[in-house]
Amino acid sequence: MVRHPIRLAVLLGALTAVAVSPARAAEEAPKATGPAMKTIKVTECVEEKYPVKRTCYRVECRQETVDGFRCETVCEPREHVCTVTKRIPVTTTETRKVCCYQTTCEDKVVMKKCYEYHQVTCNVKKCVSKGHWECKEVCKDPCFLEKLCNPCACGHTVTKKCWVSCPVYVDCPVTKCQKVCVEKPTVCKVNVCKPVYHEEKVQVCSYRCVEEKVVQKYTVAVTKKVPCKITHTVRVCVPYEETVTCTRMVQRTVEKQVPATECCPTTCCSPCRSCCRSRCGLCHRQNCCN
């Protein structure tokens, strides 16, 4: 924080030296001795190491014994009274109608199938030929002898008898014997089973429900808590002290050599401090006009 104003003052001093008048530059040109140095005191922050004691915690595992209990299952006999319904058989005599089937022989009329032969007349179609002979003129070629005698001989016409067929279908009555099924009533003996009812005495077994008190014994598994000592591991935070080295920033005043720069003309600074402050803010900050 202190170095920044010093660097700014050095920069402004260099700019001022460049912007001096040519007469002043001509006067200082022969002098090659370099910038004048001056000693200033600067306050700087310096790191300082110092020991510090602090309290820390670490986790340790410890064995502890506490009072606890464990669960045990024990069988206990118990009994309770319950109501049981019992069925007692009871035999009684009852009169009932009993159905019996008796077989009897009866006459019944049955339609019996019989086969008979009957004369039946039916029409049958027959094919009858009603053809006849006709005379036709047919061209006949000359024979071999005629061709030898007269090679230019031509054929001649001959009358020849030809048969002309004429088939005709005619219905002809035909009598034939045919088998016919005929039903005729016939009396026959048939066994018939008929129901016959009569009364009988029957022994019937029924049940009667009777309630009865019964003591039942049973075993129950009961869970009981038994006290005991339990050892377990516990994590405990234990405090301890340790010395650590810390760093802090300490302000110290240090002397340094810096180039000396003229602040303002003597004529301005001596009679009028307000003029110096208005022209050169740097000089005012460095307290050169005081």
Accessible area of residue 164, 1.4 Å probe, to the nearest 10 Å²?
40
Quick one: go through segment 159-175 and flag any residue whose amide nitrogen is under 13 Å from the point 7 Å out along the Cα-to-Cβ line of residue 138.
159-164
In Å, what Rg and Dmax follow from the Cα atoms of segment 41-96?
45.3, 146
Just the number please: accessible area per residue for segment 55-116, 1.4 Å probe, all protein chains included, in Å².
86
How much solvent-accessible surface does residue 208 expose, in Å² to the nearest 10, with a 1.4 Å probe and all protein chains in place?
130
Output wanted: per-residue J couplings in Hz (rounded whole) for segment 208-213, from phi through Karplus 6.51 cos²θ - 1.76 cosθ + 1.60, θ = phi - 60°, x for Gly and Pro.
10, 8, 10, 8, 9, 7
Sequence-distant residues sharing a close amide H with residue 260 (under 5 Å, placed H):
36, 37, 38
Difference of contour (0.36 nm per residue) and Cα-Cα distance, residue 205 to residue 254:
4.4 nm
Keeping all protein chains in place, calculate the accessible area per residue for segment 196-247 (probe 1.4 angstrom), answer in Å².
85
Flagged as over-length at 22 Å C-alpha distance, from 130/176; 97/189; 130/160; 86/201; 126/179, the pairs are 130/176; 97/189; 86/201; 126/179
So how exposed is residue 245, as accessible area in Å² (1.4 Å probe, rounded to 10)?
100
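The values are calculated or read from the model by the stated rules, or taken from the named source; none is laboratory data. None of the values given here were measured: they were computed from a predicted structure. Virtual Cβ from ideal backbone geometry, glycine too; neighbours counted across all protein chains shown. These accessible areas exclude ligands, DNA and RNA; they are computed on the full protein's heavy atoms, side chains included. Shrake-Rupley method; radii C 1.70, N 1.55, O 1.52, S 1.80 Å.
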